[in-house]
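Everything on this sheet refers to the single structure shown next.
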Amino acid sequence: MKYKNNKGFTLIEILAAVVILGIISTVAVPAVYKYVTKTRNFSYDNMYKTVFDAVKNYRIDNSDDSATYTKDDINNFVELNYLDPLIDPVDKSKTCSAEVYVTECRNSTDSTVLKDHEYTVKLSCSAHSGTKYFNDNGDFLSSSGTC
């Protein structure tokens, strides 16, 4: 009696493998996309905080009471080693620009100046632009005027 040498897969086995791979990719692709988006947003949030820290340290070291720091000022902070270049996390060949506005927190009833300041950090990158607000302690504020 001769035995057949069965090498290879049947059509049913191949279809089952394709269906299983399809199910796995249906679950995995959105999860990976969500993770990449979350990581990118985290990178931008860190960039806002880094710019805030640079401005705050510069103001402390130089007793500077300026209220506005333009893109040129932020670039100057790079030259003064207060800040590393703002490399865009999405396109590493490009840099981001930032502006910072510092306002004194005032009492809403009698407009007396409180001890805190509000830092408005505006960031502009190739795939992202936005504004974040911080108080003197570096705490994130949900909106402007809440210090």
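At most 16 other C-beta atoms within 10 Å and a DSSP loop state: those are the exposed chymotrypsin sites (Phe, Trp or Tyr not before Pro) I care about. Give me the longest piece of the chain that has none.
10-147
Do the sum for the chain: with -39,500 (n - 2.57) for every DSSP H run of n ≥ 4, divided by all residues, what is the mean residue ellipticity at 222 nm, to the nearest 500 deg cm²/dmol?
Value at 222 nm, helices only: -15000 deg cm²/dmol.
Indicate the gyration tensor shape class of region 1-68 (rounded, prolate or oblate), computed on the Cα atoms with a ≥ b ≥ c the square roots of the eigenvalues: a/c under 1.5 is rounded; otherwise a/b larger than b/c is prolate and the rest oblate.
prolate
Past 20 Å, Cα to Cα: identify those pairs from LYS56/LYS132; LYS71/LYS132; LYS56/LYS94; LYS34/LYS94, in the order given.
With Cα atoms farther than 20 Å apart: LYS56/LYS94; LYS34/LYS94.
Once the Cα atoms of region 45-112 are picked out, what are the Rg and Dmax in Å?
When restricted to the Cα atoms of region 45-112, Rg and Dmax are 14.2, 49 Å.
Report the equivalent ellipsoid semi-axes for the chain in whole Å, largest first, defined as the square roots of five times the eigenvalues of the gyration tensor built from alpha carbon atoms.
In descending order the semi-axes read 55, 18, 10 Å.
Can you compute the charge dipole magnitude of the chain about its Cα centre, using +1 on each Lys and Arg Cβ and -1 on each Asp and Glu Cβ, nothing else charged? Give it in debye, rounded to the nearest 20.
Using only the charged Cβ atoms, the result is roughly 1560 debye.
Would you be so kind as to identify which of ILE24, TYR69, ALA98 lies farthest towards the positive end of the dipole of the chain, taking Lys and Arg as +1 and Asp and Glu as -1 on Cβ and the Cα centre as origin?
Checked the options; the winner is ILE24.
Tell me, which longest segment in the chain has none of the trypsin sites (Lys or Arg not before Pro) that fall in DSSP loops with at most 11 further Cβ atoms within 10 Å?
Longest run free of exposed loop sites: 8-91.
What number, in percent, do you get for the relative contact order of the chain if the mean sequence gap of Cα pairs under 8 Å and at least 6 apart is divided by its residue count?
Computed value for the chain: 16 percent relative contact order.
If you average the C-alpha positions of region 22-70 and of region 73-96 separately, how far apart do those two centres end up, in angstrom?
First find each Cα centre; the distance between them is then 13 Å.
Take ILE87, ILE12, ILE74, ILE60 and sort them by solvent-accessible surface of the protein heavy atoms, 1.4 Å probe, largest at the top.
The residues order as ILE12, ILE60, ILE87, ILE74, largest area first.
Taking the chain as the reference, fit the longest principal axis to its C-alpha atoms, fit the long axis of helix 11-62 to the helix C-alpha atoms, and give the angle between the two in degrees, 0 to 90, nearest 10.
Helix 11-62 sits roughly 10 degrees off the main axis of the chain.
The values are calculated or read from the model by the stated rules, or taken from the named source; none is laboratory data. Owing to the predicted nature of the structure, the values given are computational and were not obtained by experimental measurement. No Cβ is skipped: glycine too gets one built from the backbone with ideal geometry, and neighbour counts run over all protein chains shown. Ligands, DNA and RNA are excluded from the accessible area calculation, which covers all protein heavy atoms including side chains. Shrake-Rupley method; radii C 1.70, N 1.55, O 1.52, S 1.80 Å.
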